[in-house]
1. Scan segment 393-429 residue by residue and report those that are more than 18 Å from Pro465 (Cα to Cα), small (Gly, Ala, Ser) and in a loop (DSSP other than H, G, I, E, B).
2. Any residue at all in segment 76-91 that's outside the structural domain of Ala153 (by TED's automatic domain parsing), closer than 23 Å to Gly443 by Cβ and in contact (Cβ under 8 Å) with a residue 24 or more places away in the chain?
3. Which members of segment 184-215 meet the condition of being in a helix (DSSP H, G or I) and touching a Ser or Thr at 6+ places or on another chain (Cβ under 8 Å)?
4. So Lys372 ticks every box in (1) part of a loop (DSSP other than H, G, I, E, B); (2) at pLDDT 95 or above; (3) touching a Pro at 6+ places or on another chain (Cβ under 9 Å) but one. Which box is left unticked?
5. Name the residues in segment 232-275 that are in contact (Cβ under 8 Å) with a residue 60 or more places away in the chain, assigned to a helix (DSSP H, G or I) and either in contact with an Asp or Glu (Cβ under 6 Å, 6 or more places away or on another chain) or on the phi > 0 side of the Ramachandran plot (or both), would you?
6. Find the residue count for segment 80-109, including only residues that are within 27 Å of Gly473 (Cα to Cα) and either at pLDDT below 95 or of a type outside the set (Val, Ile, Thr) (or both).
7. Exactly one of (1) part of a strand (DSSP E or B); (2) surrounded by 22 or more Cβ atoms within 10 Å (Cβ to Cβ) is unmet by Cys104. Its number?
8. Only one of (1) at pLDDT 95 or above; (2) closer than 18 Å to Cys104 by Cα is not met by Gly286, so which one is it?
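The values are calculated or read from the model by the stated rules, or taken from the named source; none is laboratory data. Since we're looking at a predicted model, the values are computed, not measured. Note that we place each Cβ from the backbone using ideal geometry, even for glycine, and neighbour counts take in every protein chain shown.
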Amino acid sequence: MRSDLPSSDSLLPTRFDSILRGGTVFDGSGADGVVADVGIVAGNVAAIGDLSRSEAGEIFDVRGKFVAPGFIDIHTHSDFTLLSSPGMESSVAQGVTTEIVGNCGIALGLAQIGEQFTLEQRGLLRAGISLDWTHLDGFLARVADTGIGANIATLAGHGTIRKRVMGLADRLPDARELADMERELETAFRDGAVGLSSGLEYVPGMYADVAELTAMAKVAKRAGGFYATHLRDEGDHLEEAVAEALAVAEGAGLPLQLSHHKAERRANWGKVTRTLAMVDAAQARGVDVLLDQYPYTAYQTSLATIALPPWAVAGSPEAQAAKLADPTFRAKTREAMQYIGVDFALVQISNCPGHREYQGRMLSDIAADENKDVRDVILDTLGEGEGWVSAAHFALSEADVARVLSDDRVMIGSDGVATSPTSPGTSDRPHPRTYGTFARIFGRYVREQGVLTWAQAICRMTSLPAQRIGLTGRGTLMAGCVADVAVFDPETVGDVATFDTPHAYADGVELVFVGGALAVRDGILTGVRSGAVLRRGGDGTVS
């Protein structure tokens, strides 16, 4: 049915910049859509209702299409690529209008020049871009000056802050170092960070304990932020890792976000039912917990993180090669690799600068062709130190993906980086989530499988993450909000990117407005870069 008119025509602008006419409008709250027109003026949604008697600079006939708030990708690493891929094409083409960067304890905006920051800088290094800031404020200013395709806000990465104070030291901080880390985090929040992230499977986050993390989380609490964590373990010790995250959040008294929630490897499939029950129990104690997820059965990270025991992982390709050059260390690592439970027939090399012939191939096949033990293929490759080697591990259960997605506390986060096929330094083989996450939710898990309704899926991508961030004026579609809007065809929306052909834009997203500017027209990117850098203000809101 068509929505009612506004109560008085006198309340309507005399003319709109744009009118979206006749679409099914979802406000992002989880309510069903209604047929209505949407009027946009000066970058804001000015009216929603029957605007058939109104004029506009441009009128778009969107009958049969769905109109939603622009999608918010709650978990990305696009800080790595904002300066080399400022158009953020892979995201905008899906209807994403806001991204939260700086996840997993890794934040480019807090990095400094130095080898210990190689991970943060890898996107810059590949594109030949120099780091010319010293604090988060400088990074955000450079991003704003560059101009970006979608809005961004950033978390403050615990791991990057730890590097600023302690380098890659494999120990706990002393009292002075912890105080210095807390001051660094306070500065990051003054510069506009919206929360704290940690990456406890990565160097140096893996060296932190609950006390260190809780102390940092208390700083985030005072600043009005939240704590998003890449758990210490997502496999055999998943439940213990969730318990640790809950302990940090409960000890600091701040909201928690469990990043890319999943259970790795067949022996652990089904554990997500127990971890979601742990979240239920924590919420009953008053802990505010949300989760994020991407809709794929493979994850992608560094080959070292997948294949080596945690104590053997180094902070850069050069440092990893130096460690493995010690015959005793290599032999110890090789022995331990047989006990970590990874089926290397399920590990596909994604990016390998030193051996591009490995890219797209399973490790077990490479080992067979070279007549080597698969462990030696891995150690030889990492021992060369020729750039970051990444891999996809097909270790997740489709049933677990659906189970997590069906939980109403789960937001959608790609864990990807905004890019394009032609961006300087772009990865040869990114995870297809970079191009397909949001469209895949709609096509596979709403239209085909019915795991979510349209209204539920849109809510998980819009108002739910906006509330978590404290975002004002975005994440809902109503008069007065910023005109971040996505229009898509429910019959055709879907992902196209695969692990073999990852640089492929999604289908079915027909119009995207970012701040009222048209970023996608008729499914084609326009090249407009109207995104804003969003910062947390003193009142705790993000704008």
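1. Ala395, Ser397, Ala418, Ser420, Ser423, Gly425, Ser427
2. Scanning segment 76-91 turns up no residue that is outside the structural domain of Ala153 (by TED's automatic domain parsing), closer than 23 Å to Gly443 by Cβ and in contact (Cβ under 8 Å) with a residue 24 or more places away in the chain.
3. Gly205, Leu213
4. Result: Lys372 fails condition (3) only.
5. Passing the criteria: only Val272.
6. 20
7. Result: Cys104 fails condition (1) only.
8. Exception for Gly286: condition (2).
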